[in-house]
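**Student:** If you scroll down you'll find the structure; I have some questions about it.
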Amino acid sequence: MTAYADLMAHQRETQALSQVMGRLGWDQETMMPRGAAAQRAEEMAALEGVLHSRRTDPKVAEWLESIDAAGLDEVGRAQIRHIRRAYERASKVPAALAARIARVTSEAQGTWAEARAEDDFAAFAPTLTEVLALKREEGQALAASGNVYDAMLQDYEPGTTGAELEAMFGALRPELSKLRAAVREAKAPPQLTGTFDEGAQMKLTRQLARTFGYDMSHGRVDKAVHPFSSGSGLDVRVTTRTNPTDPFNCFYSTIHEVGHGAYEQNISRDYLLTPLGQGASMGVHESQSRIYENQIGRSRAFTGFLFAQMKEAFGDFGVADAETFYKIVNRVSDGFIRTEADELQYNLHVLMRFDLERALISHDLQVADLEAAWNDRFEADFGYAVDKASNGVLQDVHWSVGLIGYFPTYTLGNVYAGCLNEAMRADLPELDADLAQGNTAVATGWLQQSVQQHGGLFEPREVIEKASGMPPNEAPLIRYLSQKFGDLYGL
């Protein structure tokens, strides 16, 4: 075998083990007995040790050194780019630290869940302090003398810096705040009322997953406290949640996670169990989930179809017509929870977290002061006070599991989705006629061809620029939100 073939064989085994670790995480969130948490932490730490050893194996360096990248095709060069980047990063992190992070964050997830249930941030604070200390240590190892937060970002959005995001978000935030203020002064659409059988919700939500092209022969839909997607290639799973008085929580959580899942399912099978066999970045991944959920799923055309589906599933549920239903689906409402926020306010939740986590990593904010800082910023941005920790600083799982640098990719994904939506609409002028019939295949097919099939072949911003014909920027998202909510609220 050649050095390249040997390297790729090693890589496929490493990717396969990584998928096993991901399946352990899926099980922990969905089916694992509560009493198994301590053992699962040891299992995760042990497997992380094996993975870290494989990722830093000196043979990888030898193979990389002996491969002439100039003699490879575009796919081969991209594989080498990813492997080299991952090897260099993994080699900077001591194996003992990697295993400790895996163990502590696995345990921290359970501690966070218990503290959230009790609305007791103080019970979680010592664990969060430990997680942050470990992640800072990791970030310092990765950054050398550079910016620690920027080093952390590379795990989620390679090539992006905190300063670049700060500039983009700085342009976005005042426009969102201005539009939000105008909407809050206008007359609001009605709210959905009544109760909706949770079994019927799950039946319809699985139908919606199929409607958006999710392949159930290579996936499944389960319930979890915090909806997520997991896996790649031939085994891609999504979760959702139900609320008897809010079926939209279930339906749009599912559509969102199906956007992630369909991305993974639609990557070229030629890249299976290789670095190219997964999404280009979390920002690009989020662009798929958000465009599925919002620009497609919350469009006037598609909500007309969903209205008919809900009447079939639940009978007369008190909404007179499809136009009223569209306005209800897109109603701007006060609320504390990021994952339940409407399109207009969602990014304000993310920008707050971006600022807070940067302050935590730089020591400008201490964990002991985090809850107060969160509550102060929330009231400043949204105009009302946080009522309890589970609606505030304890609502998200990310910090407990060490995902520092992940939050900004949610808004970056919305920015990317804005660019993609403009290009897609220009290419598919009759799209709404298809969506009104529940036919999403034209839209999802455009995304599959333009973005999803390529997996990690291109760098994140290159993916968006190739697909949309423009450098990623916040202007299309601002135009989309201004037009949509201006129309909805008569602005």
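The values are calculated or read from the model by the stated rules, or taken from the named source; none is laboratory data. Predicted model only: the values in this text are computed from it and were never measured. All Cβ positions, even for glycine, are placed from backbone atoms using ideal geometry, and neighbour counts span all protein chains on display. The protein model used for the area step is the full one, side chains on, heavy atoms only, and it has no ligands, DNA or RNA in it. Shrake-Rupley method; radii C 1.70, N 1.55, O 1.52, S 1.80 Å.
**Student:** Is it fair to say A78 is part of a helix (DSSP H, G or I), without any contact (Cβ under 8 Å) to a residue 24 or more places away in the chain and open to solvent by less than 40 Å² (accessible area, probe 1.4 Å)? Give the steps one after another, and end with the answer.
**Tutor:** On the way: part of a helix (DSSP H, G or I): yes; without any contact (Cβ under 8 Å) to a residue 24 or more places away in the chain: no; open to solvent by less than 40 Å² (accessible area, probe 1.4 Å): yes.
Spelling it out, it is not the case that A78 is part of a helix (DSSP H, G or I), without any contact (Cβ under 8 Å) to a residue 24 or more places away in the chain and open to solvent by less than 40 Å² (accessible area, probe 1.4 Å).
**Student:** Another one. Determine, yes or no, whether S177 is of a type in the set (S, T, Y), more than 22 Å from Y406 (Cβ to Cβ) and in contact with a Leu (Cβ under 9 Å, 6 or more places away or on another chain). Walk me through it before giving the result.
**Tutor:** Working: of a type in the set (S, T, Y): yes; more than 22 Å from Y406 (Cβ to Cβ): yes; in contact with a Leu (Cβ under 9 Å, 6 or more places away or on another chain): yes.
Judged against the criteria, S177 is a match.
**Student:** Restricting the first residue to segment 16-44 and requiring it to be among the hydroxyl-bearing types (S, T, Y), which pairs with a second residue that is outside any helix (DSSP H, G or I) meet a Cβ separation below 7 Å and a spacing of at least six or different chains?
**Tutor:** Sorted first by the residue in segment 16-44, then by its partner, the pairs are T30/D222; T30/A224; T30/T239.
**Student:** In segment 5-56, what residues are surrounded by fewer than 20 Cβ atoms within 10 Å (Cβ to Cβ), touching an Asp or Glu at 6+ places or on another chain (Cβ under 8 Å) and more than 18 Å from H226 (Cβ to Cβ)?
**Tutor:** H10, Q19, M21, A38, R54
**Student:** Please identify the pairs in which a residue from segment 334-346 that is touching a residue at least 24 places away in the same chain (Cβ under 8 Å) has its Cβ atom under 9 Å from the Cβ atom of a residue that is of a type in the set (G, A, S), counting only partners at least 6 apart or on another chain.
**Tutor:** D334/G383; F336/S390; F336/G392; T339/S253; E340/S253; E340/S333; Q345/S333; Q345/G335
**Student:** Condition check: within 22 Å of I337 (Cα to Cα), in contact (Cβ under 8 Å) with a residue 24 or more places away in the chain, of a type in the set (A, V, I, L, M, F, W, C) and surrounded by fewer than 19 Cβ atoms within 10 Å (Cβ to Cβ). Does V225 satisfy that?
**Tutor:** Numbers: within 22 Å of I337 (Cα to Cα): yes; in contact (Cβ under 8 Å) with a residue 24 or more places away in the chain: yes; of a type in the set (A, V, I, L, M, F, W, C): yes; surrounded by fewer than 19 Cβ atoms within 10 Å (Cβ to Cβ): yes.
Spelling it out, V225 is indeed within 22 Å of I337 (Cα to Cα), in contact (Cβ under 8 Å) with a residue 24 or more places away in the chain, of a type in the set (A, V, I, L, M, F, W, C) and surrounded by fewer than 19 Cβ atoms within 10 Å (Cβ to Cβ).
**Student:** While we're looking at this one, here's another question. Taking segment 244-259 as the region of interest, how many residues are in contact with a strand residue (DSSP E or B) (Cβ under 6 Å, 6 or more places away or on another chain) and either in contact (Cβ under 8 Å) with a residue 60 or more places away in the chain or more than 30 Å from F317 (Cα to Cα) (or both)?
**Tutor:** 1
**Student:** Any residue at all in segment 235-242 that is surrounded by fewer than 22 Cβ atoms within 10 Å (Cβ to Cβ), touching a residue at least 12 places away in the same chain (Cβ under 8 Å) and over 30 Å from Q11 (Cβ atoms)?
**Tutor:** Yes, segment 235-242 has at least one match.
**Student:** Here's a follow-up. Which of the residues that make up segment 356-370 are open to solvent by 60 Å² or more (accessible area, probe 1.4 Å) and either among the acidic types (D, E) or closer than 14 Å to Y406 by Cβ (or both)?
**Tutor:** R358, D364, D369, listed by residue number.
**Student:** Separate question: Out of the residues in segment 125-165 meeting the condition of being of a type in the set (D, E) and touching a residue at least 12 places away in the same chain (Cβ under 8 Å), tell me which one is least open to solvent (accessible area, probe 1.4 Å). Quick ask: steps written out before the conclusion?
**Tutor:** Applying the first criterion (of a type in the set (D, E)) to segment 125-165 yields 130, 137-138, 150, 155, 157, 164.
Subsequent filtering for residues that are touching a residue at least 12 places away in the same chain (Cβ under 8 Å) retains 130, 137-138, 150, 155, 157.
Details: E130: 68, E137: 93, E138: 31, D150: 38, D155: 82, E157: 3 Å².
The extreme case among them is E157.
**Student:** Taking the stated definitions as given, is G259 in a helix (DSSP H, G or I), surrounded by 23 or more Cβ atoms within 10 Å (Cβ to Cβ), small (G, A, S) and touching a helix residue (DSSP H, G or I) at 6+ places or on another chain (Cβ under 6 Å)? Reasoning before the result, please.
**Tutor:** Details: in a helix (DSSP H, G or I): yes; surrounded by 23 or more Cβ atoms within 10 Å (Cβ to Cβ): yes; small (G, A, S): yes; touching a helix residue (DSSP H, G or I) at 6+ places or on another chain (Cβ under 6 Å): yes.
Yes: the conditions hold for G259.
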